[in-house]
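The values are calculated or read from the model by the stated rules, or taken from the named source; none is laboratory data. What you are looking at is a predicted structure, and each value in this text was computed from that prediction instead of being measured. So basically every Cβ, Gly included, is an ideal-geometry build from the backbone, and we count neighbours across all protein chains shown. These accessible areas exclude ligands, DNA and RNA; they are computed on the full protein's heavy atoms, side chains included. Shrake-Rupley method; radii C 1.70, N 1.55, O 1.52, S 1.80 Å.
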Amino acid sequence: MSDLIIVGAGPAGLRASIICARNGLSVTVVDEYMKAGGRLLGQLYQEKDGEWWNGLQESERLYEEALSSGVEIKLGLSVIHIENSENAWTVHTNAELLTSSYLLLATGAAEAPQPIDGWTLPGVMSVGAAQVMTTVQRVKPGNAGVIIGISVLGSAIAMELDMAGIHIKSMVLPKKTEFNEEFANPLHVMESLSHISHLAPSKLIQWSSPLLKWKYMRNLSTRFFPKRGFKIWDFPVHLRKAALEIVGESKVEGVKVAAIDINGNPIEGTEEIIEADFVCIAGGLYPLAELAALTGCPFLDAAELGGYVPLHSEKMETPVDRLFVAGNITGIESAKVALAQGEVAAYSILQHATNHENFKEKVNRSVENVQQIRDQAPLSFNPHINEGRKKMQNSWNEWLNEHTKSSHLA
Amino acid sequence: MDRINHHPILGERPKKEAVTFTFDNTTYVGEEGDTVAVALLSNDIRTLRHHEESGSARGIYCNIGHCFECRVTVNDIEGCRACLTVIEDNMKVESGKRLPNPLKQGGSFDE
């Protein structure tokens with residue numbers, strides 16, 4: 001039995017494990033991937049100051065630091081069930097049973113599937129899959145690809161593929177359906193892209209960003225957006241083209257696209273085939289939170305956070321005794337925020353476990369640190385993240401009021 | 001597909017030992033640390049199975065264990081995720097095949 005089991009060896013989980021182990025807790029980290037790092041592994045981008053953020057290196061550093069702090073890390077082990085009884089957690093995996101007093105869920109995020117005709121053909125993959133294949137595994141996902149979906153995540157990954165010498169023929173919007181307005185409507189997409197204008201050297205995007213604040217101008221700029229697309233980095237981005245279908249006999253051969261009007265509706269007679277041997281679907285991320293549901297933890301549905309999120313305080317505690325959360329399971333944000341949240345969770349767990357006065361102070365300071373890092377983040381997956389965090393805090397307060405149980409960290 | 005040996009930021013790809021395994025009784029060579037999905041893609045194989053009912057070809061989708069599209073049989077254990085299984089020497093990998101569905105042949109129930 002260990003003091004703490006952490007599910008997820010990403011930035012939040014590893015950071016928390018290091019702090020807890022260094023302060024005397026016995027810590028076991030479980031992750032089903034064969035390498036530690038989680039989604040951090042594939043991240044590679046240049047920051048505002050010109051420095052490169054190398055997720056592979058950061059992951060290795062965290063992993064080594066955790067090992068040298070005495071953390072036990074079990075990779076290639078999948079958690080399939082969780083039970084809470086008699087002041088102990090029992091974590092069922094595909095190979096063994098693990099037990100602990102405290103449980104930290106740092107399971108991260110998964111990519112939201114965006115179905116489109118032909119998407120089961122071999123050669124179609126999520127952008128995250130192509131990112132891992134390229135940057136972590138160093139095998140080309142294909143020679144020439146099309147990315148369906150224009151988003152912050154998709155653009156960052158497209159740039160990674162481009163860097164590795166993989167030809168991105170174009171980025172297009174998905175065909176509009178009843179369910180994907182936010183991904184298929186050129187105006188919505190342009191608004192979300194305006195938040196990464198500083199990352200896009202494209203003059204056009206930079207020029208248009210200040211104008212996007214007014215809906216009228218936004219309409220205008222989309223209407224005048226060149227049909228041939230514009231270039232972000234080295235590949236054309238088409239806000240006026242949508243993928244209707246992925247075509248191929250037994251594997252991807254191309255994507256059928258059509259020009260679209262300002263509302264995202266395809267214009268008849270404009271269909272064409274873009275040849276490609278792979279296709280990436282960029283649908284955005286959602287918190288991977290099933291394990292929290294197994295514990296009976298209540299959830300809040302908040303679009304700003306990426307979907308259903310386990311109820312938690314800013315100290316990363318949940319309504320379930322001895323259950324804590326950190327990282328993208330609490331809302332989709334950058335790896336740096338996840339690292340900072342891992343710190344909060346660690347100090348909260350330490351305070352709960354030891355009742356030491358000095359951890360209280362560290363909890364408060366690390367909570368402030370999360371907000372500072374959030375404010376400095378080079379890109380945010382959702383521009384309304386602060387509203388999402390506020391909603392969560394309100395729900396937490398409501399829950400506290402309804403239940404006589406006072407916050408064990410208060 | 002080619003391996004990415006040179007990378008402007010990550011540098012040269014480190015050399016790794018060869019690992020020999022079979023996929024549907026054909027022998028392939030991958031590298032130490034490769035997953036089944038990576039080793040097969042580097043041998044230009046994208047189709048990992050055929051759908052149980054429709055027989056349509058399937059490959060990786062998420063590449064990190066979430067979607068279960070890449071399930072294969074590894075050393076006689078069914079339902080292993082090709083994207084999470086690291087290859088070993090003499091590993092036997094088999095693709096999923098279309099299963100018989102004799103009751104469907106006559107058409108749908110509403111006819």
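Quick notes on this one:
- In the full protein context, chain A carries 41 Å² of accessible surface per residue, based on a 1.4 Å probe and ignoring ligands, DNA and RNA.
- Fraction of the pair-distance distribution of chain B above 19 Å, Cα-Cα pairs, percent: 50
- Top of A:Leu300, A:Leu173, A:Leu323 by mean-square fluctuation, Gaussian network on chain A, Cα under 10 Å: A:Leu300
- Span per principal axis, largest first, for the Cα atoms of segment A:57-178 (Å): 55, 39, 24
- Building the convex hull from the alpha-carbon atoms of segment A:307-394 and averaging its projection over directions returns 5.4 nm².
- Chain B: most fluctuating residue of B:Ser54, B:Ser42, B:Ser95 per GNM, C-alpha cutoff 10 Å: B:Ser54
- Calculated FRET value between B:Lys15 and A:Asn401, using beta carbons and R₀ = 45 Å, to 0.05: 0.15
- Carbon + sulfur, % of accessible area of segment A:26-156 - ligands and nucleic acids excluded, 1.4 Å: 47
- Put a dot 7 Å past the Cα of A:Ala293, heading toward its Cβ, do the same for A:Leu75, and the two dots end up 2.9 nm apart.
- Inter-part distance where segment B:20-75 and segment A:169-183 are each reduced to a Cα centre, Å: 29
- Rounded to the nearest 20 debye, the dipole magnitude of the protein assembly as shown is 1360 debye, with +1 charges on Lys and Arg beta carbons, -1 on Asp and Glu beta carbons, and the Cα centre as origin.
- Antiparallel DSSP beta bridges within segment A:78-190, as percent of all bridges there, nearest 5: 65
- Net charge in the neighbourhood of B:Cys70 (other residues with Cβ under 12 Å of its Cβ; Lys, Arg +1, Asp, Glu -1) is +4.
- Counting only DSSP beta bridges whose two residues both lie in the protein assembly as shown, roughly 60 percent are antiparallel.
- Comparing the full protein assembly with the isolated chain, the residues of segment A:28-54 losing at least 20 square angstrom of accessible surface (1.4 Å probe) are A:Glu32, A:Tyr33, A:Met34, A:Arg39, A:Leu44, A:Trp52, A:Asn54.
- Loop-located trypsin sites (Lys or Arg not before Pro) in segment A:301-410 (DSSP state not H, G, I, E or B) with no more than 12 neighbouring Cβ atoms inside 10 Å: A:Lys405.
- Residues along segment B:3-17 losing 40 Å² or more of accessible surface when the other protein chains are present rather than the chain by itself (probe 1.4 Å): B:Ile4, B:His7, B:Ile9, B:Leu10
- Both radii come from the Cα set of chain A: Rg as radius of gyration, Rh as Kirkwood radius; their ratio Rg/Rh reads 1.00.
- Solvent-accessible surface (1.4 Å probe) assigned to B:Thr47 amounts to roughly 40 Å².
- Ellipticity at 222 nm from helices only: DSSP H runs of n ≥ 4 in chain A, each -39500 (n - 2.57), divided by the residue count, give -10000 deg cm²/dmol.
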